[in-house]
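Note sheet for the following structure.
Readers should treat all values here as calculations from the given coordinates under stated rules, not as data from a laboratory. Remember, predicted model here, so these are calculated numbers, not experimental data. When we count neighbours, we look across all protein chains shown, and the Cβ atoms used for this are built from the backbone with ideal geometry, even at glycine.
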Amino acid sequence: MTRTQEDAPRKDYLSAKEAVALLGIRMQTLYAYVSKGWIRSVKQADTRQRLYLHEDVLRVKARSSARSGHGAVAASAMNWGEPIIPTSITEIRADGPHYRGHSAVRLARAHASYESVSELLWTGVWDDTPRRWETGLAPSQRAALLESLAPPKSNSGLLEIMAIVTLRLGMSRGSVEDRVRGGHMHEAARQLIKTLAGCFGLVSRKRRFHAIPDEASMAEGLLAALDIPANPANLEAMEAFLVLFADHELSPSTFAARVAASGGSSLHSCMASAICSSAGIHLGRMYDRIEDFLRSADTAAGLMQRARAQHGRGSSIPGFGHPLYPKGDERAALLIELARKRPRQKAALEQIYPFIETVEREFGLHPRHELGGIVLAIAMGVPRQSVGTLFTLARMAGWVAHVQEQRLSGMLLRPRAKFVGAAGEP
């Protein structure tokens, strides 16, 4: 049985001929779109021809359709398009996200703590005074909260466990009305994030929840939960990971949190919505796919062979090319830098470093933040299939800020749908 064109998987890249046919333009117009940065192109190995990112071509097509009305403009904006929600939390610049005007990369290089960065996102005030978050949970409360939770069958299942813990913790704080109107959002956020950090003990070698003491920082507590030595290199690495990923504007999970907030949901329900959005195969699971790819060969040459094969099929190379950072993601660069400067290197990294360099040289593609995070996690000894969950925990600081901002806007997020199905009875 022959597969139809509709059944075939969509290619990540198009040839120039395919791109101009889809857009209905001339070749010169395609080159102009590339020069303006509207469509990204990548090199083809051993040829002067280039390939064009399919999603960029589709986005330009949607933008050109905007002449037909406002609906097309809105549809285009929903896929890496024009900004649609005003925010004063994070601005995306060429050098990475800026939190309330502070560069995330510079904060990480200055060894800012995750706690200080979180408070900056929530209040707009920068204070680098050492801060420790209290969970406020009595031992009996903690036991009741976690009594039915078991280690996940695979480490990636920790995301769903975190969503369950989030909702249970919210229910322990009273009714939804009390939680929304009680005025203790930041206190609840600190308790939630630090409690969820203890859940990483479920994917450690000990396979049990680790209660993080109030006097421990988030970075210290996470390392202890993961059963990783809290030496200076690991503390610096964990702190940088958390700070760099604390927020990134309107990602799908952040949007989910804001939609829930606009409907009057409690902080915990908003956070659970965002966590569940992150658990999908196209978001949090992306870390697993990239990690599996990086571990799929024992040599850099083997990885390049697989990368060239994927590229030849019109598929993207896992971990490379971020639409907002065509010249490279500074967050990824810093994370890889932190991994490479460590005195003792993990064997798994010996082929990854030259592989990254070869991809950049051969295809002109730069590492994404997920790849940088995985490289640093491997260097630290973070358990496999848990880097995406660690990223999700870091992002919770930004979600809290966005929930707060959405509440203050007083706007219900309720986009309209354009019906395209078959007409029914009159």
At 222 nm, what helix-only mean residue ellipticity would the chain give, in deg cm²/dmol to the nearest 500, using -39500 (n - 2.57) for each DSSP H run of four or more?
-15500 deg cm²/dmol
Could you work out how much longer the chain between R285 and R106 gets when fully extended? Use 0.36 nm per residue separation minus the Cα distance between them, nm to one decimal.
61.6 nm
Which entries of K36/K418; K11/K43; K17/K43; K11/K61 show an alpha-carbon separation above 22 angstrom in the structure shown?
K36/K418
Could you compute the net charge surrounding L371? Neighbours are other residues with a C-beta less than 10 Å from the C-beta of L371; K and R count +1, D and E count -1.
-2
Modelled label-to-label distance, R181 and I84, 7 Å Cα→beta-carbon offset: nm?
3.2 nm
What is the magnitude of the charge dipole of the chain about its Cα centre, with +1 placed on the Cβ of each Lys and Arg, -1 on the Cβ of each Asp and Glu, and no other charges, expressed in debye to the nearest 20?
1020 debye
Among all stretches of the chain without exposed GluC sites (Glu not before Pro) (DSSP loop, at most 16 other Cβ atoms within 10 Å), which one is longest?
216-349
Any trypsin sites (Lys or Arg not before Pro) in the range 153-205 that lie in a DSSP loop and have at most 15 other Cβ atoms within 10 Å would be K153, R205
Take every Cα pair under 8 Å in the chain that's 6+ residues apart, average their separations, divide by the length, and report that relative contact order as a whole percent.
19 percent
Need the full-extension length gain, S296 to S140, defined as separation in residues times 0.36 nm minus the C-alpha distance. One decimal, nm.
51.7 nm
Treating every alpha carbon of the range 216-280 as one equal point scatterer without solvent, the Debye formula yields log10 I(q)/I(0) values at q = 0.12, 0.17, 0.25, 0.28 Å⁻¹ of -0.44, -0.73, -0.94, -1.03
Not counting the cut sites, what is the longest span of the chain without chymotrypsin sites (Phe, Trp or Tyr not before Pro) that DSSP labels loop and that have at most 15 other Cβ atoms within 10 Å?
127-418
Note the listed values [x] 155; [y] 141; [z] 192, then indicate which one is volume of the Cα convex hull per residue in Å³ calculated from this particular structure.
[z]
